[in-house]
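*Asks:* Pasting a structure here, questions to come.
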Amino acid sequence: MTADLSPIDRAKYIAARRAVEFIEDGMRVGLGTGSTAAWMVKCLGELIRDEGIKVTGVATSARTADLARQVGVPVATLDDVRWLDLTIDGADEFDRNLNLIKGGGGALLQEKIVATASDQMVVIADPSKEVDTLGAFPLPVEVIPFGWQTTKALIEEMLSNVEVTGRNASLRLSGTEPFRTDEGNFILDLHLRRIINPAQVSLVLNQIPGVVENGLFLDICDVLVIGSADGTVEVRDINNGTVQHERIDLIDSENLFVDIAE
Ligand code: 5RP
């Protein structure tokens, strides 16, 4: 029941419900990772079941692939389909230009590959993710385990030459062990606070040996769907320059996939 959801989950659900309206019969769709994207995968499963549309999903993580199969979304690999019509994913931060920080869930590498291989990227978020300047959320950087401490030192040295207000990097842990991405890599979280020139930071990070990819998604997002707990939704289209305000009418008895474990 929607009334049982916390305000934040309600907002994420509203964004997801609106975003699946971008999906059309026959599309190849990139499936993001994270709690907001999980709502979208569940809504897509419902759409496939209720309306009989045919969709091929390409997951951005093993856990999204598991969830997709569980809710009846057919899953293929990116190598199977090569190019996608649409990707729908969450974000940790977005700014007014629809630039993003992603990777809080550790899936930034596959997320960036999949989003870049898509004609359109739709990002779903709740209003708390909006910032004036990217960087309050620690910037995730995927690095290979070999020599990671040297890579970290090189990153910290590089940070002294770019316009940011914090310069600490920390290894992401899972319990007492380093967190491992689906590719077996590590994540360094960069506590930058304010990233004045995201393009410069992204470029120099990716030139450091050992860095696989960083969580800045610049000029990749086309449409941002911001859901709110009161059922309203804002749809910003960066290409058309439009901002639409809509309302999603929720039926209180709506089946919210209570039988599906994420
Ligand atoms: C995973 C991501 C997620 O999209 C991001 O962390 C947002 O997650 P959530 O929707 O749970 O807030 O980038 O790597």
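Values quoted throughout were computed directly from the atomic coordinates according to the rules given, and no laboratory measurement underlies them. Just so we're clear, the structure is a prediction, and the values are computed from it rather than from any experiment. Here the Cβ is made from the backbone with ideal geometry for all residues, glycine too, and neighbour counts use every protein chain on show.
*Asks:* Going by how many other Cβ atoms sit within 10 Å of their own, how do His191, His245 line up, fewest first?
*Replies:* His245, His191
*Asks:* Let me ask something additional. Under the classification rounded if a/c is under 1.5, otherwise prolate if a/b is larger than b/c and oblate if not, where does the range 151-230 fall, given a ≥ b ≥ c as square roots of the Cα gyration tensor eigenvalues?
*Replies:* Here the range 151-230 falls in the oblate category.
*Asks:* Right, something else. Taking the number of other C-beta atoms within 10 Å as the exposure measure, put Phe22, Phe217, Phe137 in order starting with the fewest.
*Replies:* Sorted ascending by nearby Cβ count, the order is Phe22, Phe137, Phe217.
*Asks:* If you don't mind, there's one more thing I want to ask. Relative contact order for the chain: what percent, with Cα pairs under 8 Å and sequence separation of 6 or more?
*Replies:* 23 percent
*Asks:* How big is the antiparallel share of DSSP beta bridges in the chain, given as a percent to the nearest 5?
*Replies:* Rounded to the nearest five, the antiparallel share is 60 percent.
*Asks:* Compare the peptides 236-243, 159-166, 68-75, 6-13 by average per-residue count of other Cβ atoms within 10 angstrom and give them in order, highest first. Don't jump to the answer; show the numbers that get you there.
*Replies:* Working: 236-243: 12.1, 159-166: 14.4, 68-75: 16.8, 6-13: 19.1.
The densest-packed peptide leads the list: 6-13, 68-75, 159-166, 236-243.
*Asks:* Treat each spin label as a single point 7 Å out from the Cα along the C-beta direction, and report the Glu157 to Asp230 distance in nm.
*Replies:* Here the answer is 5.3 nm between the modelled labels.
*Asks:* Looking only at the range 1-107, where both bridge partners belong to it, what percent of the DSSP beta bridges are antiparallel (to the nearest 5)?
*Replies:* Roughly 20 percent of the beta bridges in the range 1-107 run antiparallel, per DSSP.
*Asks:* A further question follows. Give me, ordered by chain and number, the residues 5 or more places off Gly57 or on other chains with an amide H under 5 Å from its own placed amide H.
*Replies:* It is Val29, Val75, Ala76, by chain and number.
*Asks:* Neighbouring Cβ atoms within 10 Å as the yardstick, rank Glu130, Glu51 fewest first.
*Replies:* Glu51, Glu130
*Asks:* Over the C-alpha atoms of the chain, what are the Rg and the largest Cα-to-Cα span, Dmax, in Å?
*Replies:* Cα-based Rg and Dmax for the chain come out at 18.3, 55 Å.
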